[in-house]
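Peer 1: Dropping the structure in here first, questions after.
Any read-out appearing in this document is the output of simple, stated calculations on the displayed coordinates, not a laboratory observation. The structure displayed is predicted, hence computed values, not measured ones. Methodologically, a virtual Cβ is constructed for each residue, glycine included, from the backbone with ideal geometry; neighbour enumeration extends over all protein chains shown.
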Amino acid sequence: MGSRILVVEDDARLGATLGRVLGAEGHDVEVAADGNEALRRTRDRAFDLVVLDVMLPGIDGIGVCRRLRATGSVPILMLTALSGTEERVRGLDSGADDYLVKPFAYEELLARVRALLRRSTPGDHLRFADLRLEPSVRGAWRGDRSITLTATEFDLLEHFLRHPRQVMTREQLLDTVWKGEPQTDNVVAVYVGYLRQKLEQEGEPRLLHTVRGAGYALRE
């Protein structure tokens, strides 16, 4: 099964080519033409990897990378036409996981994509604001404070962290976290309440919000 990949590239021809190359590997690929569109798409959908050009209209790749890294842990492969050390350092310091200089061989691009996808699971670290989850060890932290969670609480929080800012309906959460098994009508609300108590135990700002009439969302 392929991964969900967002390609952010303002060169329409190159963006389309990257989409075809990655699609031929079985990935589900979307292409965004500028930084603002990239940020909108990542708010609306969870991606497993972002291939990000540095030189973009509007918000450049460095700015997009910083914003993505501030709200999540999606792997980022940065592309640039500039080969200098200073440019590579800027990209990596902004939060990119890897760096590829144009022009590049598509075989190398695919190899780096495979490496980043392998690296991101199952030992990935999920982050949002000061909240961190490590699925491989079932660990959770708010800042430096360790949080003890039940199996269901962890699975629910992990789902929110993998879909930051997205509104999750009760039905979606029942299908994904509880696997569609019959539950009481208020089980989602109850477990969201449990998580809030543990996440806000020392007066930290709320991250799990109720969206009236729609569901719940992980937001600042």
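Peer 1: Long-range amide H contacts for Val7: which residues qualify at under 5 Å (H placed 1.01 Å from N, peptide plane, sequence gap of 5 or more or a different chain)?
Peer 2: Amide H neighbours of Val7, under 5 Å, 5+ apart: Glu30, Val31, Ala32, Val51.
Peer 1: To continue, here is another question. Taking the Cα atoms only, what angle lies between the long axis of helix 61-71 and the longest principal axis of the chain, rounded to 10 degrees?
Peer 2: Taking the Cα atoms of the chain, the angle to 61-71 is about 20 degrees.
Peer 1: Which ³J(HN,Hα) values in Hz, rounded to whole numbers, follow from the phi angles of segment 179-188 under the Karplus curve 6.51 cos²θ - 1.76 cosθ + 1.60, where θ = phi - 60° and Gly and Pro get x?
Peer 2: Karplus-based 3J(HN,Hα) across segment 179-188 equals 6, x, 6, x, 9, 5, 4, 9, 4, 5 Hz.
Peer 1: Continuing with the same structure: Can you sort Lys102, Lys179 by how many other beta carbons sit within 10 Å, fewest first?
Peer 2: By the 10 Å Cβ count, ascending: Lys179, Lys102.
Peer 1: Describe numerically, in nm with one decimal, the distance between label points set 7 Å from Cα along Cα→Cβ at Leu92 and at Val167.
Peer 2: Spacing of the two 7 Å Cα→Cβ label points: 4.2 nm.
Peer 1: Right, next: Per residue of segment 97-112, in order, report the coupling 6.51 cos²θ - 1.76 cosθ + 1.60 (Karplus, θ = phi - 60°) as ³J(HN,Hα) in whole Hz, putting x for Gly and Pro.
Peer 2: Per residue, the Karplus-derived 3J(HN,Hα) values read 8, 8, 9, 9, 8, 6, x, 9, 7, 5, 5, 5, 4, 5, 5, 5 Hz.
Peer 1: For Ile147, enumerate residues with amide H under 5 Å from its amide H, sequence gap 5+ or separate chain, H modeled in the peptide plane.
Peer 2: Amide H neighbours of Ile147, under 5 Å, 5+ apart: Ala140, Trp141, Arg142.
Peer 1: Further, regarding this structure: Over segment 126-218, what relative contact order in percent results from Cα pairs under 8 Å that are six or more residues apart? Could you put the intermediate results ahead of the total?
Peer 2: On the way: 94 pairs, mean separation 25.2, N = 93.
Over segment 126-218, the number comes to 27 percent.
Peer 1: Further question: At a 10 Å Cβ-Cβ cut-off, how would you order Leu92, Leu133, fewest neighbours first? Write out the running numbers ahead of the final one.
Peer 2: Numbers: Leu92 15, Leu133 24.
If I rank by nearby Cβ atoms, fewest first, I get Leu92, Leu133.
Peer 1: Give the Kirkwood hydrodynamic radius (Å, one decimal) of segment 127-220, defined as one over the mean of 1/r across all pairs of different Cα atoms.
Peer 2: One decimal place: 13.4 Å for the Kirkwood radius.
Peer 1: Restricting to DSSP H runs of at least four residues, report the calculated mean residue ellipticity at 222 nm for the chain, -39500 (n - 2.57) per run over all residues, nearest 500 deg cm²/dmol. Please report the intermediate quantities before stating the final value.
Peer 2: Working: 8 runs with 90 residues, N = 220.
After summing the helix terms and dividing by the residues of the chain, the value is -12500 deg cm²/dmol.
Peer 1: With θ taken as phi - 60° and the coefficients 6.51, -1.76 and 1.60, list the Karplus ³J(HN,Hα) couplings across segment 212-220 in order, rounded to whole Hz; mark glycine and proline as x.
Peer 2: With coefficients 6.51, -1.76 and 1.60, one gets 3, x, 10, x, 9, 8, 8, 9, 5 Hz.
Peer 1: Turning to a different aspect of this structure: Report the net charge of residues surrounding Arg90, where surrounding means a beta-carbon distance below 12 angstrom and charges are Lys +1, Arg +1, Asp -1, Glu -1.
Peer 2: Here the charged neighbours net out to -2.
Peer 1: Whose amide H sits under 5 Å from the amide H of Glu204, counting only residues 5 or more places off or on another chain, with H placed in the peptide plane?
Peer 2: none
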